[in-house]
Each structure stands twice: as structure tokens, then as C-alpha cells.
1. Among the residues of the stretch 132-183, which ones are of a type in the set (D, E, K, R), surrounded by 11 or more Cβ atoms within 10 Å (Cβ to Cβ) and modelled with pLDDT of 90 or more?
2. Checking the conditions here, which among Ser10, Ser14 is touching a residue at least 24 places away in the same chain (Cβ under 8 Å) and either polar (S, T, N, Q) or surrounded by 14 or more Cβ atoms within 10 Å (Cβ to Cβ) (or both)?
3. Under 8 Å between Cβ atoms, which residue pairs at least 6 apart in sequence (or on different chains) link something in the stretch 79-98 that is in a loop (DSSP other than H, G, I, E, B) with a partner that is exposed (fewer than 14 other Cβ atoms within 10 Å of the Cβ) and hydroxyl-bearing (Ser, Thr, Tyr)?
4. Mind checking which residues of the stretch 5-35 are among the hydroxyl-bearing types (Ser, Thr, Tyr) and not in a loop (DSSP other than H, G, I, E, B)?
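The values are calculated or read from the model by the stated rules, or taken from the named source; none is laboratory data. Only a predicted model underlies this, so the values are computations on that prediction, with no experimental measurement involved. Heads up, the Cβs are rebuilt from the backbone with ideal geometry, glycines too, and the neighbour counts pull from every protein chain shown.
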Amino acid sequence: MKIYKSCYRSHWLSPYTILEKVFFWREIDYNEPIIEKLSNFLNPFSVAWMNFLDFVHPRITYVKIDEWDTWSMDSTLADIILPMLKQLRASKHGSGYVDMEDVPEHLRYTNTERWDYQTVFDFYHEHELKEGDCDIHARWDWVMDEMIFAFEKRVEDTDWQATKEECERVQNGFRLFGKYYQGLWD
């Protein structure tokens, strides 16, 4: 298996960025008729410039899969996913929303009503939470730790003698990975 991925890049040069440089002596108002007119004029040039740079310097994504990579694909993927999860856990700048039923009791809200995203958002802005209080970051960290535990056990794989509780924890970690897959961002 060979994988090459370059950094994410954006070649977009906004017409407004150009206009801010042209009108350097003052702050521009984007709703000004002249600014709107100039922006509409510059937009095709910005699009052409972006397309040119995307062509000349495209994002590199190359994946070559050999047939032996799929013989034990769960193991192959675990070798890639585990270090990525560990790096994300160490460097994350935010936390995904976690359903209350996916975390232990001590990380849940004490309120018995069903919480949706807006209710949680309102709760955090109405209450001043202290360090150590149950919060969205503690729940996300717990979920990340469970995913990491599951993939560590899958990477170890060899002669792992697991208890019933460990097997259930590994299965739960893989379930959480699938459920919160779209939350794995930084």
C-alpha cells in the first residue's frame, strides 16, 4: 500500500481581498455600489486564477492498494487509524457532540429530559461551568479514549487474552468510531 496526500490548499483569491489592497487607505464597505460593481467585475478573474493554480499545483491524492492489503483489511486500517486518532486526541481544537446514552453516568447531564444540540448550546451559555464539571469536551475525550483503546487492541491482536468486559469495550469503541466518524476533525 502506498498513500500520498498533500496538505489541503485553497487557491481562491477573493475579489474583496484584491479590493482591500487597492483601497488600502480606507476600510471598504462591501455594500457600496462601486465595491459591488468592481467585485462582480473581478470575480471571473479570481475564478480563472484559482482554476489555473488548481491545474498547475493540484492537491495530490494517490492511493495504491496491493492485494495483500485487503487480506486482513481490519488490521491494515487499524495500523493507519490508531496513530491518526492519537494525534487528533492530542491536538484537537474542538469537540463533537456526543449522545448521552454513549457515555457513562458520571459524564451525563443530571437532567432527565432529552437534550438536543440547541438545548446543550443554551445550557453552556446560561451556566458557568467550572473545570471538572461534566461538559462536552469531557464526553468527547472519553469517546476518543474508547476508540483509541479499541484500535490499540486490534493492533496488538496477536495473542490477546481478553476478558468479556474488554471484548465489550473494544466492540463499543468500534461502534463509537462508526457513529462519530464525521466528528473526527480538527
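1. The answer is Arg139, Asp141, Asp145, Glu146, Glu152, Lys153, Arg154, Glu166, Glu168, Arg169, Arg175, Lys179.
2. The unique qualifying residue is Ser14.
3. The qualifying pairs are Tyr97/Tyr117.
4. Scanning the stretch 5-35 gives Tyr16, Thr17.
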